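The values are calculated or read from the model by the stated rules, or taken from the named source; none is laboratory data. Here the structure is a predicted model, which is why all the values come from computation and not from measurement. Cβ coordinates were reconstructed from backbone atoms using ideal geometry, including for glycine residues, and neighbour counts include every protein chain displayed.
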């Protein structure tokens, strides 16, 4: 019995990188379905990749093999790893990319450092471990190969973890980093519904980014935002997001990934 | 026996929206193939999505489940619907997106308003019915669930329909809206071959858009266009299109989606 | 027994062209898997498409049907062809696109000019042979139809071939054309490892493009490049490439596809 592969990367779809990984998997595991979760992770943004992967876990087949590649230090000493969490398996670089999904799946139960010679067909390119190490490792796991056949056991507590981006929360105020902007211009913030509740951001508010400030309303969905105003909602992955109905909030506010957005309840402070 | 799913949306491929819908479908219907028709529909452009879906019907498997999501009013009172037309099924919002394809397939024979609680696994996000309502509904239909198991019957004649974009046709003249620009810069117009015939646009003509006017020739294919001129052809979906061989007609003419282009036979008017 | 299809084109993924070809294949060969190698080949760049296809051959299933469409002269006299090479089959226009992959697979053993009426379901659009000729031809081959059932035999030596882009190599110096820029800004050059060895480019060097010159180091992988410098490496497809760690070499150097880049060893000339 085989497992589906859920594939995430920062390779984009303009080049052949994703397609070549698909070819490698098809050669090893021709019957295994590949679900392309996302390949437009901003280049080398390990944190964004990790959060996107974690947010997908409730929706994915429980026995999936997660193949994740955002790998700015490819070819150096960072370890290629394979993990078991819940009934899922995960493959990728040991740079902080996998732990958020791993935790969402119940935490790592077992881990190995992949030995490239156990999965690679030919000399390993120092710049494309997605093709030569991670994709074949995921294909073998999807076909039923055991985790320990891929490499040597490591302590799951030794995995690299990125620090979380915590929002700054006070009465009537939340300041949070922008973790992503989607194609509709929605600005996703590193804050959850509980942060908005704690700050009491429930009605009218002011949203600030860069030098701009604009009125906004707490809403449930895009269509509730009044014309020419902004909305603050909890998006489908559970993040606070600043949106504009039939407009582009990120562009209009000048908000960019990595920058700060401040939300302040009207009549406070 | 299962049906393939043909999936169209305005989600783009930079974000994880399409991939998460694939994961949801794989969880319910792991054996069902998904054909990604197009996800680059301009954001919230229901008309463009509907025309693209309709144009694909002659080429798709006759028993396909069409899953279409261009949904600017997600989370409001607009109904989620599932339809039967010919031997196909269609799922999407009731906002005008489905009727053009439905008509191309022979017209709606049966229709239901989907009840979210019959298909959703968990609380439904008010902003992502693609993931929580439409994708699971399509997956269940692809697995053989009956239309009437998804919700309550509705009158097919009550479906929302968008008005068609009619060209303005006279002797030696067609003016039409731009319904799309593709990656090659070809400018697709809301006019059909019959409109060009009626106006007598068969040889040399002048094409105007914005303040620009340029000579053009009626041709069958890109390579017939003389250097430095424009061509007018009937494209592969049956629309009139202004093209430039080895050039970008949209850019060079300043033509944009939603704008008007005028075609005038030389020596007339 | 069926074969997988490996699909490459310059159609991009914004429009429905790739999706409609998938639909056509699913109608003829519903069980055949399609591997999307790349659809972001620069529009009408036959050479780039041919090199990308050839570089994928070592990684693809040996019995694949290669479906490749970069076709600026669609609808004219250029022949649609199907080829046999090694244990693979290839389908596409006879414009130079297929021979590099064909050679990498062992050279063409057999060839036919496809007769459209043997594969098309309906009148063939003069502008979209991908949908009406090449995709159905590939689908039939993947289902086991013989090469000679698709058309008339032709002499493999009559296939159109593009001239190779040769670098200019001297002591301490390589000048080469830019054959591509990827999403990370890496600049791929029409030069191989052997060219760099022949010129003796092994240590510090100067890279020039446009009016700019900058220091660079020969490296194996991105992370070895010192801050604020450039790196020269052999990429995963065997091409020389100019890179910048955590930066965008193409943008910073002003290098563009089709332009020249010069590499000169420091202390020479």
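Descriptive notes on the structure:
- When the range A:150-174 is limited to residues that are within 21 Å of the chain's Cα centre (by Cα) and surrounded by 13 or more Cβ atoms within 10 Å (Cβ to Cβ), the one that is farthest from residue A:80 (Cα to Cα) turns out to be A:167.
- The criterion of at least 2 residues that are within 14 Å of another protein chain (Cβ to nearest Cβ) and in contact with a helix residue (DSSP H, G or I) (Cβ under 8 Å, 6 or more places away or on another chain) is met, among strands (runs of 3 or more DSSP E) falling completely within the range C:129-202, by C:173-181.
- So residue C:196, is it free of Cβ contacts under 8 Å to residues at least 24 places away in the same chain and surrounded by 15 or more Cβ atoms within 10 Å (Cβ to Cβ): no
- Any chance residue A:14 is more than 9 Å from chain B (Cβ to nearest Cβ), closer than 28 Å to residue C:42 by Cβ and part of a loop (DSSP other than H, G, I, E, B): yes
- Qualifying residue in the range A:117-124 (condition: in contact (Cβ under 8 Å) with a residue 24 or more places away in the chain, touching a strand residue (DSSP E or B) at 6+ places or on another chain (Cβ under 9 Å), under 18 Å from residue A:46 (Cα atoms) and surrounded by fewer than 22 Cβ atoms within 10 Å (Cβ to Cβ)): no
- Scanning the range C:26-43 for residues that are surrounded by fewer than 22 Cβ atoms within 10 Å (Cβ to Cβ), under 30 Å from residue B:246 (Cβ atoms) and more than 7 Å from every other protein chain (Cβ to nearest Cβ) yields one hit, C:42.
Yes/no matrix, rows are residues, columns are (1) over 23 Å from residue C:166 (Cα atoms); (2) modelled with pLDDT of 95 or more; (3) not in a loop (DSSP other than H, G, I, E, B):
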{"residue": "C:206", "(1), (2), (3)": "no, yes, yes"}
{"residue": "C:231", "(1), (2), (3)": "no, yes, yes"}
{"residue": "C:241", "(1), (2), (3)": "no, yes, yes"}
{"residue": "C:247", "(1), (2), (3)": "yes, no, no"}
{"residue": "C:257", "(1), (2), (3)": "no, no, no"}
{"residue": "C:261", "(1), (2), (3)": "no, yes, yes"}
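- Some residue of the range C:109-116 being more than 14 Å from chain B (Cβ to nearest Cβ), surrounded by fewer than 22 Cβ atoms within 10 Å (Cβ to Cβ) and closer than 20 Å to residue C:37 by Cα: no
- Looking only at the range B:44-55, and only at residues there that are facing another protein chain (nearest Cβ under 9 Å) and surrounded by fewer than 24 Cβ atoms within 10 Å (Cβ to Cβ), the one that is nearest to residue C:15 (Cα to Cα): B:55
- Among the residues of the range C:65-99, those identified as away from chain B (no Cβ under 14 Å), within 16 Å of the chain's Cα centre (by Cα) and outside any loop (DSSP other than H, G, I, E, B) are C:65, C:66, C:67, C:68, C:90, C:91, C:92, C:99.
- Flag for residue C:62 being in contact with a helix residue (DSSP H, G or I) (Cβ under 9 Å, 6 or more places away or on another chain), in contact (Cβ under 8 Å) with a residue 24 or more places away in the chain, surrounded by fewer than 22 Cβ atoms within 10 Å (Cβ to Cβ) and more than 7 Å from every other protein chain (Cβ to nearest Cβ): yes
- For the range C:240-251, residues that are surrounded by 16 or more Cβ atoms within 10 Å (Cβ to Cβ) and out of contact with any helix residue (DSSP H, G or I) (no Cβ under 8 Å at 6 or more places or on another chain) total 5.
- Residues satisfying the stated conditions in the range C:214-229, i.e. away from chain A (no Cβ under 14 Å), assigned to a strand (DSSP E or B) and either surrounded by 15 or more Cβ atoms within 10 Å (Cβ to Cβ) or out of contact with any strand residue (DSSP E or B) (no Cβ under 7 Å at 6 or more places or on another chain) (or both): C:214, C:216, C:217
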